[in-house]
Amino acid sequence: MKILEPVKFRNLELRNRLVWLPAVSCLADEVGFVTDPLIERHVARAKGGFGLIDVEACGVLDRKSPNLLRICDDKFIPGLKEMTDAVHAEGCKMTVQLIHYVKQSVRTGWKQAVEDLSYEDIEECKRQFIDSTIRARKAGFDGVELHVAHGYTLSSFISLLNKRTDKYGRNTEGRCRIVTEIMEGIRKEVGDDYCVGCRISGEEFVMGGNTLKQTTEIAQIFARAGMDFISVSAGGKTEDGPWYTGYSGSRCMATANLPYGCHVYLSAGIKEALREIGSDIPVVVSGKVKDLKHGEEIFEAGKADLIGICRPALADPEWITKQVEGREKEIIKCLYCNGCLVRDQKHEAVNCVIADKVAERNAAGRN
Ligand SMILES: Cc1cc2nc3c(=O)[nH]c(=O)nc-3n(C[C@H](O)[C@H](O)[C@H](O)COP(=O)(O)O)c2cc1C
């Protein structure tokens with residue numbers, strides 16, 4: 001299979017094209033430090049054969065959010081370094097997703113709007129992304145992914161829902177400005193030989209929000225700004241319900257009723273737009289990729305360069321090796337029930353509920 005062969009882009013040499021997508025784990029401690037269970041989680045997926053692990057959203061700012069992994073201060077570097085060392089020892093590369101979020105109230109649903117952010121706030125946000133990238137490099141990450149997807153700060157800027165009338169709004173170029181300025185700042189400080197990509201929602205699935213019409217243009221702007229890869233997610237907005245509960249949320253963590261590969265058209269559309277401007281930066285597909293064969297079909301059809309898998313490998317860290325070794329029947333299968341997401345919403349350790357049941361049954365069988 002071609003997706004199992006090595007690939008190189010920027011400073012990243014991957015042993016294959018399989019990416020474990022970011023998934024908030026709630027395994028960081030209450031301050032945001034790496035813990036042993038978090039390291040074990042990633043080592044298990046590295047042993048399980050992924051070429052790249054893109055670590056869960058990691059806070060670039062010090063604002064309350066329970067058990068969120070953080071990179072907003074140098075004090076977090078040693079723990080993160082321990083994690084990247086452990087994953088590298090298994091032959092797997094590791095990037096980290098950098099997240100900034102506006103002030104919000106989980107209880108009432110109130111959320112600060114990007115229209116309310118002053119130039120001072122914007123400068124601070126840009127600085128936080130740049131400083132965190134410098135820290136990520138020191139912590140041994142092979143690259144960073146700017147979180148420009150779902151309902152967070154950068155994604156709210158690039159959305160058509162951003163009604164700013166100044167240079168950070170008005171048109172697509174303006175709405176993308178904060179991200180392109182962050183890129184500029186990062187390149188100035190870490191140089192060209194460090195992998196910096198982003199994750200966007202290919203469609204936002206809310207009224208008046210971005211569709212492929214906007215995101216293809218955004219992808220072109222980002223590629224021109226020097227982005228090394230674009231990971232394509234979907235939805236995740238909060239305009240139609242609290243975090244990941246509305247329709248947009250159900251597209252993000254694509255629910256059981258949606259077909260396999262429901263968002264392949266998004267990575268395909270973005271690849272197409274990048275081809276138009278002569279850009280060959282890798283595009284990551286996500287959303288119910290069924291198995292390796294399915295991933296290979298997506299790649300062979302030129303609809304994505306890297307194959308992103310999240311929940312199936314949360315359910316079974318050996319999702320890849322069991323397929324490679326013809327042990328498919330042993331796979332603990334993700335049913336896309338989103339029990340993991342419910343745990344995330346309760347700030348409990350984000351494990352697969354099915355895998356837990358299997359473990360319980362096995363333990364009972366042994367007793
Ligand atoms: C519990 C949970 C936490 C997630 N956390 C993140 C995150 O931190 N950042 C992100 O971009 N996506 C996050 N996602 C979305 C996944 O990366 C992925 O896009 C989605 O689950 C679809 O892929 P899948 O069908 O292979 O699971 C999360 C998904 C789940 C279920």
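Here, each number is a calculation from the coordinates, and none is a lab measurement. In this text, all values refer to a predicted model and were calculated from it rather than measured experimentally. When we count neighbours, we look across all protein chains shown, and the Cβ atoms used for this are built from the backbone with ideal geometry, even at glycine.
The length gained by stretching the chain between residue 329 and residue 82 to full extension, at 0.36 nm per residue less their Cα-Cα distance, is 85.5 nm.
Placing +1 on the Cβ of every Lys and Arg and -1 on the Cβ of every Asp and Glu, with no other charges, gives the chain a dipole of roughly 600 debye about its Cα centre. Per residue, the chain reaches -11500 deg cm²/dmol at 222 nm when only DSSP H runs of four or more residues are counted, each adding -39500 (n - 2.57). Start at zero, step by 10 Å, and the Cα-Cα distances of the chain spread as 5, 26, 37, 25, 6, 1, 0 percent across the bins. Sparsely packed loop sites in the stretch 65-113 (the chymotrypsin sites (Phe, Trp or Tyr not before Pro) outside DSSP H, G, I, E and B with at most 15 other Cβ atoms within 10 Å) comprise 110. The loop-placed trypsin sites (Lys or Arg not before Pro) in the stretch 141-237, going by DSSP, that have at most 16 neighbouring Cβ atoms within 10 Å of their Cβ come out as 163, 167, 170. Given a Förster distance of 45 angstrom, what is the FRET efficiency for residue 358 paired with residue 207, based on the Cβ-Cβ distance and rounded to 0.05? After rounding, the FRET efficiency stands at 0.65. Dividing the convex hull volume of the alpha-carbon atoms in the stretch 262-367 by its residue count gives 122 Å³ per residue. Placing R0 at 22 angstrom, the Cβ-Cβ distance between residue 64 and residue 346 gives a FRET efficiency of 0.85 after rounding to 0.05.
The ranking of 65, 25 by Cβ neighbour count inside 10 Å, starting from the fewest, reads 65, 25. Working note: Cα atoms of the stretch 105-189, range along each principal axis, descending, whole Å: 37, 33, 22.
Highest GNM mean-square fluctuation among 132, 250, 267, for the chain modelled with Cα contacts below 10 Å: 250.
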